[in-house]
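To keep things clear, I will list the structure first and then write my remarks on it.
Every read-out reported here was derived from the displayed coordinates using simple, explicitly stated rules and does not represent laboratory data. Everything quoted here is computed from the prediction, not taken from an experiment. Here the Cβ positions follow ideal geometry from the backbone for every residue, glycine too, while neighbour counts run over all protein chains shown.
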Amino acid sequence: MCNDVQVLQEEIRHLLRQKNAILLAHYYQRDEIQEIADFLGDSLALSMNAARTKADVIVFAGVHFMAESAAILCPEKTVLLPRLKAGCPLADTITAEELETARKQYPDAAVVTYINSSAAVKAKSDIICTSANAVRVVNSIKDRNRILMVPDGNLARYTARFTDKEIIPWRGFCPVHHYVTPDEVKAVKAHHPGAKFAAHPECTEEVLALADFIGSTTGIIRYARETDAKEIIIGTERGVMYQLRMQNPNKTFILASERLFCETMRSITLEDVRDALEEMKHIITVPAAIAAPAKKALDRMLEIS
Ligand code: 13P
Ligand code: SF4
C-alpha cells in the first residue's frame, strides 16, 4: 500500500533520474530522506563523494556549509540545497574577518579549519579537517608547531590529546552537542549499567571523559556494529539512530540527551527535496575569488584522507 511518504519518495527518485542528479544526505537527516539517498555519510565521506560524482546535479540534504563545500569541489556541477535557511550555528561562530584578526595574533600558527565553516573562512585557512580526520590533518602539518583550530573549541581540545603541537582553540561550539551535560549522561548510564557510551568530539571534555568511544558519525556507526555491547548510549544528533537501528536490529540504542536535535538539519523535508529538483533551487555558488583558495584548503585535506 502506498502512503504520502512513498509517493513523494517515488517522485523524487523519478526526478533524480530525469535530471541525472544524485541525492547526498548526512546521517542527521530525517529517516525518510536517508531511505532514498544515493549516498549517506559523515561530512568527510560526503565531500569525497561530491568530489567524484559523475552526476550533473547534486542535491545536498544537509546544511549550507556542506552544499557550499560540494559547490567548491565541483564547480562544473549544479549544487542544490533544498532549504536555503538550513545553516549551521557552529559555522556562524567565526567570520573571515575574525579569522584574519586571529591570524595576525598568532602569525606563526597554521590554521586548521573544521569543515563546519563558511567558504569565506575556508578561503583563509591552510587546511580543512572533519571530525573523522582532525588528528591526521593536524599531524600532517610538518612545518609549524602551533595550530589555530577553528571554529569548534571542543574538537580542538579533543584533537590536542593526540598531538605534540600546541593547539589554540577558537571559542565556537555546536549547540546540539555542547549542551549535553555530564549529569545527563551519568543518569542514562545509571539506568543502563551495562551500556557503552559513544560520543561525538563536538561534545565537551567533561562528557567525552565518560565515553567508551569518541568519533565522527561514521565512527560511531562503525563502533556500534563492532562492539560486543548490546546497549549503546549515543552522544550525537538523533538522526544517526536510523542507521544504528537498521544495521543492528538486535542492539538497543539510547540517546544521551533529548537535546540532541539539530533543528536546521531536520528542517529539510521530502517536499523540500522534491521542490528543489522540480524548480532547480536553491543553487549554491561560491565566487571564484573565494572558491579557489577554499578549494586549495579542501584539496589538501582530501589528499591525506
Ligand atoms: P560528522 O558527520 O562529520 O561527524 O559531523 C557532525 C556534524 O555536526 C555535521 O554537522
Ligand atoms: Fe551544525 Fe551542530 Fe547541527 Fe552539525 S549538529 S549542523 S555542527 S549545529
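Over the range 129-272, consider all pairs of different Cα atoms and compute the Kirkwood hydrodynamic radius from their mean reciprocal separation; express it in Å, one decimal.
Final number for the Kirkwood radius of the range 129-272 is 16.0 Å.
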Less than 9 Å Cβ to Cβ from residue 297, Lys/Arg counted +1 and Asp/Glu -1: what total charge do the surrounding residues give? +3
Would you look at the GNM of the chain, springs on alpha carbons closer than 10 Å, and say which of 116, 250, 49 moves the most? 250
Just how far, in whole angstrom, is the range 223-300 from the range 1-35 if you go by their alpha carbon centroids? 15 Å
How large are Rg and Dmax for the range 229-305 when only the alpha carbon atoms are used, in Å? 18.6, 51
Gaussian network model of the chain, Cα springs within a sub-10 Å range: biggest mean-square fluctuation belongs to which of 243, 34, 18? 18
Could you pull the Rg and Dmax for the range 69-165, using just the Cα atoms, both in Å? 14.1, 42
Over 21 Å between Cα atoms, which of 19/122; 85/296; 189/251; 122/296 qualify? 19/122; 85/296
Sequence gap at least 6, Cα distance under 8 Å: using those rules, report the relative contact order of the chain to the nearest whole percent. 23 percent
For the chain, just list the percent of Cα-Cα distances falling in each 10 Å bin from zero outward, please. 6, 28, 34, 24, 8, 1, 0
For residue 280 paired with residue 171, estimate the spin-label separation in nm (one decimal), with each label point 7 Å from Cα along the Cα-to-Cβ line. 4.4 nm
Quantify how much of the Cα-Cα distance distribution of the range 197-265 extends past 16 Å, in percent. 40 percent
Shape parameters for the range 1-129, alpha-carbon atoms, Rg then Dmax in Å: 16.9, 63
